[in-house]
Amino acid sequence: MTRRPIGIIVNGVTGRMGYRQHLVRSLLAIREQGGVALPDGTRIWPEPVLVGRNEAKLREVATRHGLTEWTTDLSAALARDDVEIYFDSQVTQQREKAIRQAIEAGKHVYTEKPLAEETDAALDLARVADAAGIRTGVVQDKLFLPGLRKLKRLVDGGFFGRILSVRGEFGYWVFEGDWQPAQRPSWNYRAEDGGGIVVDMFPHWHYVLEELFGPVRAVSAVIATHIPERVDEAGRGYPATADDAAYGTFELAGGIVAQLNSSWCVRVNRDELVEFQVDGTEGSAVAGLRNCKVQHRAVTPKPVWNPDLPATENFRDQWTAVPDNEEFDNGFKVQWEAFLRHVVAGEPFRWDFLAGARGVQLAELGLRSAREGRRVEVPELRR
């Protein structure tokens with residue numbers, strides 16, 4: 001076995017997503033399995049270089065996992081010849097500047113979303129990266145979730161016939177931080193720090209809708225800041241200036257209508273934290289993070305509306321589970337493996353900066369729709 005080491009800067013590794021999903025469950029998990037196998041028998045071997053602003057936290061993370069390469073100096077890390085990839089999971093406001101610095105250093109770039117705060121900036125990053133001849137990628141993890149992969153299998157197999165609509169519910173109650181600590185960072189609720197559920201979730205909804213059902217042609221959105229005051233990690237109260245709920249309608253190619261609710265102010269009464277119901281002429285499906293169930297046209301019951309009598313049917317029991325039929329690995333890890341093969345072996349990877357820019361565009365237009373109280377068309381982005 002030939003090992004092909006590849007240095008990877010992991011910037012933002014002390015944050016929740018950077019540490020848990022990208023370092024531990026992706027890069028270190030890839031090392032534990034012996035690397036990423038290529039057809040010629042070579043194994044791609046990630047060599048993480050941890051980067052962040054807090055020296056004590058970086059040292060603690062590195063020590064915990066037996067890693068020796070870490071620094072608070074991004075420029076010094078980018079100057080290293082043994083580093084080929086820059087990965088960014090910082091707060092959004094810090095991302096664009098760091099990515100430009102990585103592009104100037106000639107590094108391939110993989111990043112959390114959103115790619116930038118504004119569409120023009122995201123599109124410019126795509127153009128600058130293309131001009132520099134580097135490979136780019138944006139995390140689109142939900143495409144690799146078991147539930148959505150089963151849903152994609154149904155779409156590809158023609159199960160639905162003509163798809164009519166998509167309805168999605170995402171969210172949970174994020175505690176205000178006073179009598180129970182919040183389970184999300186406080187910056188998420190400050191617009192001035194790049195927070196807001198639209199900029200967080202609409203890029204997700206963009207790639208889910210586009211990859212499974214078709215391009216988004218128009219958006220209508222209503223947003224809200226339901227909880228106006230919260231308490232931060234230090235116990236200090238602060239005004240919540242960012243939206244914490246968004247109610248969106250998305251018009252897709254082919255006449256499909258998608259309605260997606262996103263909220264950090266909702267108590268969960270569903271099987272999973274996110275669920276999508278897809279209805280078509282031949283059948284329907286409900287997919288979550290892991291599970292997917294279906295009801296075909298031929299076995300659809302005939303409910304009758306009668307509010308004067310209690311329901312005698314258990315509607316949930318009238319659906320059939322879609323089998324796994326394969327092993328599902330961690331979605332972040334699967335996309336990391338694909339990006340590493342893209343960089344080292346040139347394998348196709350379509351989730352590039354232009355795809356990321358389209359997600360930023362949908363968030364920007366969703367905010368415009370809410371601000372102006374109208375439907376907004378989504379123009380096609382080009383390099």
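The values are calculated or read from the model by the stated rules, or taken from the named source; none is laboratory data. None of the values given here were measured: they were computed from a predicted structure. Ideal geometry is used to build each Cβ from the backbone, glycine not excepted, and the neighbour counts take in all protein chains shown.
Scanning region 10-51 for residues that are in contact with a Leu (Cβ under 7 Å, 6 or more places away or on another chain) and either assigned to a loop (DSSP other than H, G, I, E, B) or without any contact (Cβ under 8 Å) to a residue 60 or more places away in the chain (or both), which turns out nearest to Val139 (Cα to Cα)?
Taking region 10-51 as the starting set, the residues that turn out to be in contact with a Leu (Cβ under 7 Å, 6 or more places away or on another chain) are 10-11, 13-14, 36, 44, 46, 48, 50-51.
With the extra rule that they be either assigned to a loop (DSSP other than H, G, I, E, B) or without any contact (Cβ under 8 Å) to a residue 60 or more places away in the chain (or both), the set shrinks to 13-14, 48, 50-51.
Details: Val13: 15, Thr14: 18, Pro48: 18, Leu50: 19, Val51: 19 Å.
Among those residues, the one meeting the criterion is Val13.
Is it the case that some residue within region 87-109 is assigned to a strand (DSSP E or B) and hydroxyl-bearing (Ser, Thr, Tyr)? Spell out how you get there, then give the answer.
Within region 87-109, the first condition is being assigned to a strand (DSSP E or B), and the residues that meet it are 87-88, 108-109.
Subsequent filtering for residues that are hydroxyl-bearing (Ser, Thr, Tyr) retains none.
Within region 87-109 (the criterion being assigned to a strand (DSSP E or B) and hydroxyl-bearing (Ser, Thr, Tyr)), the answer is no, since none of the residues qualifies.
Looking at region 170-223, which of the residues that are assigned to a helix (DSSP H, G or I) and out of contact with any strand residue (DSSP E or B) (no Cβ under 9 Å at 6 or more places or on another chain) is surrounded by the most Cβ atoms within 10 Å (Cβ to Cβ)?
As a first pass, look at region 170-223 and keep what is assigned to a helix (DSSP H, G or I): 186-189, 191-193, 197-212.
Those still in the list that are out of contact with any strand residue (DSSP E or B) (no Cβ under 9 Å at 6 or more places or on another chain) too: 187-188, 191-193, 199, 211.
On the way: Trp187: 17, Asn188: 21, Ala191: 14, Glu192: 9, Asp193: 16, Val199: 24, Glu211: 17.
Only one residue tops the list, namely Val199.
Please verify whether region 83-90 includes one or more residues that are touching a residue at least 24 places away in the same chain (Cβ under 8 Å), out of contact with any Cys (no Cβ under 6 Å at 6 or more places or on another chain), of a type outside the set (A, V, I, L, M) and farther than 13 Å from Val10 by Cα. Even if it seems obvious, please write down each step before you answer.
In the first step, residues of region 83-90 are kept if they are touching a residue at least 24 places away in the same chain (Cβ under 8 Å); the result is 83-90.
This time we only want the ones that are out of contact with any Cys (no Cβ under 6 Å at 6 or more places or on another chain), so: 83-90.
From what's left, of a type outside the set (A, V, I, L, M): 84, 86-90.
Imposing the further condition that a residue be farther than 13 Å from Val10 by Cα reduces the set to none.
No, every residue in region 83-90 fails to be touching a residue at least 24 places away in the same chain (Cβ under 8 Å), out of contact with any Cys (no Cβ under 6 Å at 6 or more places or on another chain), of a type outside the set (A, V, I, L, M) and farther than 13 Å from Val10 by Cα.
Just to be sure, is Lys113 touching a residue at least 40 places away in the same chain (Cβ under 8 Å) and assigned to a helix (DSSP H, G or I)? Before you say what the answer is, go through the steps one by one.
Working: touching a residue at least 40 places away in the same chain (Cβ under 8 Å): yes; assigned to a helix (DSSP H, G or I): no.
No, not satisfied.
Any idea which of (1) assigned to a helix (DSSP H, G or I); (2) at pLDDT below 95; (3) within 28 Å of the chain's Cα centre (by Cα) is the one Asp324 doesn't satisfy?
Of (1) assigned to a helix (DSSP H, G or I); (2) at pLDDT below 95; (3) within 28 Å of the chain's Cα centre (by Cα), only one is false for Asp324: (1).
In region 184-236, which residues are over 20 Å from the mean Cα position of the chain (by Cα) and aromatic (Phe, Trp, Tyr)?
Answer for region 184-236, where residues must be over 20 Å from the mean Cα position of the chain (by Cα) and aromatic (Phe, Trp, Tyr): there is none.
So if I check each of Phe332, Phe349, which one is buried (at least 17 other Cβ atoms within 10 Å of the Cβ) and within 22 Å of Asp124 (Cα to Cα)?
Going through Phe332, Phe349 in turn, just one is buried (at least 17 other Cβ atoms within 10 Å of the Cβ) and within 22 Å of Asp124 (Cα to Cα): Phe349.
Only one of (1) assigned to a strand (DSSP E or B); (2) loosely packed, with under 15 Cβ neighbours inside 10 Å is not met by Gly7, so which one is it?
(2)
Determine which member of the set Arg4, Arg43, Arg25 is among the charged types (D, E, K, R), in contact with a helix residue (DSSP H, G or I) (Cβ under 7 Å, 6 or more places away or on another chain) and more than 27 Å from Gln183 (Cα to Cα). Spell out how you get there, then give the answer.
On the way: Arg43 fails: in contact with a helix residue (DSSP H, G or I) (Cβ under 7 Å, 6 or more places away or on another chain); Arg25 fails: more than 27 Å from Gln183 (Cα to Cα).
Of Arg4, Arg43, Arg25, the one residue that is among the charged types (D, E, K, R), in contact with a helix residue (DSSP H, G or I) (Cβ under 7 Å, 6 or more places away or on another chain) and more than 27 Å from Gln183 (Cα to Cα) is Arg4.
Suppose the filter is crowded, with 21+ Cβ neighbours inside 10 Å and either in a loop (DSSP other than H, G, I, E, B) or under 16 Å from the mean Cα position of the chain (by Cα) (or both); does Leu125 pass it? Show your work before the answer.
Values: crowded, with 21+ Cβ neighbours inside 10 Å: yes; either in a loop (DSSP other than H, G, I, E, B) or under 16 Å from the mean Cα position of the chain (by Cα) (or both): no.
No.
Tell me which of these Thr312 doesn't satisfy, since it passes every other one: (1) outside the structural domain of Cys292 (by TED's automatic domain parsing); (2) surrounded by fewer than 18 Cβ atoms within 10 Å (Cβ to Cβ); (3) hydroxyl-bearing (Ser, Thr, Tyr).
(1)
How many residues does region 147-162 hold that are surrounded by 17 or more Cβ atoms within 10 Å (Cβ to Cβ) and in contact with a Ser or Thr (Cβ under 8 Å, 6 or more places away or on another chain)?
Of the residues in that region, 1 qualify.
What single numbered condition from (1) surrounded by 13 or more Cβ atoms within 10 Å (Cβ to Cβ); (2) in contact with a Lys or Arg (Cβ under 7 Å, 6 or more places away or on another chain); (3) within 24 Å of Glu275 (Cβ to Cβ); (4) not β-branched (Val, Ile, Thr) fails to hold for Gly356?
The failed condition is (3).
Go through region 89-111 and give me each residue that's surrounded by fewer than 24 Cβ atoms within 10 Å (Cβ to Cβ) and of a type in the set (D, E, K, R).
Glu96, Lys97, Arg100, Glu104
Residues are listed down the side, and each one gets a yes or a no for (1) in a strand (DSSP E or B); (2) aromatic (Phe, Trp, Tyr); (3) in the same structural domain as Leu164 (by TED's automatic domain parsing):
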position	(1), (2), (3)
Gly235	no, no, yes
Gly248	yes, no, yes
Gly254	no, no, yes
Asn261	yes, no, yes
Arg267	no, no, yes
Phe276	yes, yes, yes
Arg290	no, no, yes
Pro301	no, no, yes
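Mind checking which residues of region 40-51 are of a type outside the set (Lys, Arg) and under 13 Å from Arg3 (Cα atoms)?
Those that are of a type outside the set (Lys, Arg) and under 13 Å from Arg3 (Cα atoms): Asp40, Gly41, Thr42, Ile44, Trp45, Pro46, Glu47.
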